[in-house]
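The values are calculated or read from the model by the stated rules, or taken from the named source; none is laboratory data. Model, not experiment: these values are computed from the prediction. So basically every Cβ, Gly included, is an ideal-geometry build from the backbone, and we count neighbours across all protein chains shown. What goes into the accessible areas is simple: the full protein's heavy atoms, side chains included, and nothing from ligands, DNA or RNA. Shrake-Rupley method; radii C 1.70, N 1.55, O 1.52, S 1.80 Å.
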2 protein chains.
Amino acid sequence: MYYYKYEEFVDDVEILYTSAKVFEPDIILAVARGGVTLGHFLAERFKIRALYTLNSIHYDDTKKLDTVEVFNIPNLPANKKVLIVDDIVDSGESLEEIIKILKQKFPKTTFKTGVLFYKKDAIFTPDFKVKEAHDWIEFFWTIS
Amino acid sequence: MYYYKYEEFVDDVEILYTSAKVFEPDIILAVARGGVTLGHFLAERFKIRALYTLNSIHYDDTKKLDTVEVFNIPNLPANKKVLIVDDIVDSGESLEEIIKILKQKFPKTTFKTGVLFYKKDAIFTPDFKVKEAHDWIEFFWTIS
C-alpha cells in the first residue's frame, strides 16, 4: 500500500496542469468520487469557473462482463474543450466507457483526459498523466 | 487575509462530519467550485458513494438586484436526505437561492446545509457550520 500525501498531490497538480495547458480546456469535468478534489484544484489552477462532475460506478460481476454505469452527465456545449479528470486509470474500463458515452452524446465537443496515476496494462491510455501506479494507493482524501 | 491550510481543513471536516452525522445523509451535494473538495472529503468520511455537484454563479450587479444562477442540478430521488455543502456562507444569497430551487424541484427530498465558514450578518444560516469568518479567506485549493 502506498499512501499518497497532500504535499505530493500539490506537486502533481502542477505537473498535470503544465502538461494539459496545451489543450487549453474550457471545462473541467471530474469523475466522482475519485477525481473530484483533483478537478477542483485544476479548475482553480486553470482559472476555469466551469467545474462539472459526473458519476461513474464500476460493477465487478463475475458472471457477466464488467459494467460501468455513468450518470449525472452535465449538458456540455458544442465547440468547447473538456478536460475529463480522474485520480487513477486502473483497468481503464470506466474512462473508456465515459469517453464513449460523452462522444456519442456531444459529437461536436472535444475531450481529453488527465489523471494522476495510470496502470501500464490498462485498456485506456489518458492524454495527460503524472505517474505509474505500482501498488494499491491510499489517497489523502480517504482520511477516515 | 487569512490563509486556510490543509491541516486545518482536515480537522474541520471531522468537526463538520461529527455534527452532521445526526442527519444521516444519503447524498452529498457540493456547490461548485468552492464546496467541491469539502464534498469529496465528507462523502469519503460518510462512506457515501453518491457525491453530486451543482453549479452556482453569483452575479453582483450594481444596477439591479444580485442574481444567482444555479445549473447542472442532478436528479435527486424522493425520500432521501441530501446534505448540501459549500466552503463559506458569505452574503448567504447563493445558498438561499439554491435551497429554494431544490425544494421547489424536489418537494419530497429532505435538505440540510453544511459549511466550513459562515458570516454573522449573512441572510442564510446553515444547519451545520464550523467557524465564523472574520477576514477574507484564501483557501488552500486556490494554490496558484
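For the range A:24-53, accessible area lost to neighbouring protein chains reaches 30 Å² or more, against the chain alone with a 1.4 Å probe, at A:R33, A:V36, A:T37, A:H40, A:F41, A:E44, A:R45, A:R49, A:L51, A:Y52, A:T53.
A simple rule links phi to the HN-Hα coupling: the Karplus curve 6.51 cos²θ - 1.76 cosθ + 1.60 with θ = phi - 60°, which for the range B:91-100 gives 6, x, 5, 4, 5, 4, 5, 4, 5, 5 Hz, with x for Gly and Pro. Each residue of the range A:25-31 was assigned a 3J(HN,Hα) from its phi angle through the Karplus curve 6.51 cos²θ - 1.76 cosθ + 1.60 (θ = phi - 60°); the sequence is x, 9, 9, 9, 10, 9, 8 Hz, with glycine and proline shown as x. Counting only Cα atoms, the size of the protein assembly as shown along its three principal axes is 55, 42, 37 Å, in decreasing order.
Each of A:D127 and A:N75 was given a label point 7 Å from its Cα along the Cα-to-Cβ line. The distance between the two points is 2.4 nm. Remark: for residue pairs A:K47/B:K120; A:K108/A:K129; A:K47/B:K21; B:K21/B:K105, the C-alpha separation exceeds 31 Å in A:K47/B:K21.
Shown here for the range B:36-93: trypsin sites (Lys or Arg not before Pro) in loop regions (DSSP other than H, G, I, E, B) with at most 15 other Cβ atoms within 10 Å, namely B:K47, B:R49, B:K63, B:K64, B:K80. Given C-alpha coordinates of the range B:2-139, what is the ratio Rg to Rh with the Kirkwood estimate of Rh? Taking Rg over the Kirkwood Rh, I get 0.95. For B:F111, nonlocal amide neighbours, meaning residues 5 or more places apart or on other chains whose placed amide H falls under 5 Å from its own, are B:V82. Projecting the Cα atoms of B:V115, B:A43, B:N75 onto the charge dipole of the range B:2-139 (Cβ charges, centred on the Cα centre) puts B:N75 farthest toward the positive pole. Distance between the 7 Å Cα→Cβ label points at A:K100 and B:I48: 3.1 nm.
Between copies, the label points of A:T110, set 7 Å from Cα on the Cα→Cβ line, lie 4.8 nm apart, reported in increasing order to one decimal in nanometres.
Remark: label point of B:E7 defined 7 Å out from Cα along the Cα-Cβ vector; separations to the same position in other copies 1.1 nm, ascending.
Using only DSSP helix segments of four residues or longer, with each worth -39500 (n - 2.57), what per-residue ellipticity at 222 nm results for chain B after dividing by its residue count and rounding to 500?
Computed mean residue ellipticity for chain B: -8500 deg cm²/dmol.
Between copies, the label points at B:E69 (set 7 angstrom from Cα along Cα-to-Cβ) are spaced 3.2 nm, reported in nanometres from shortest to longest.
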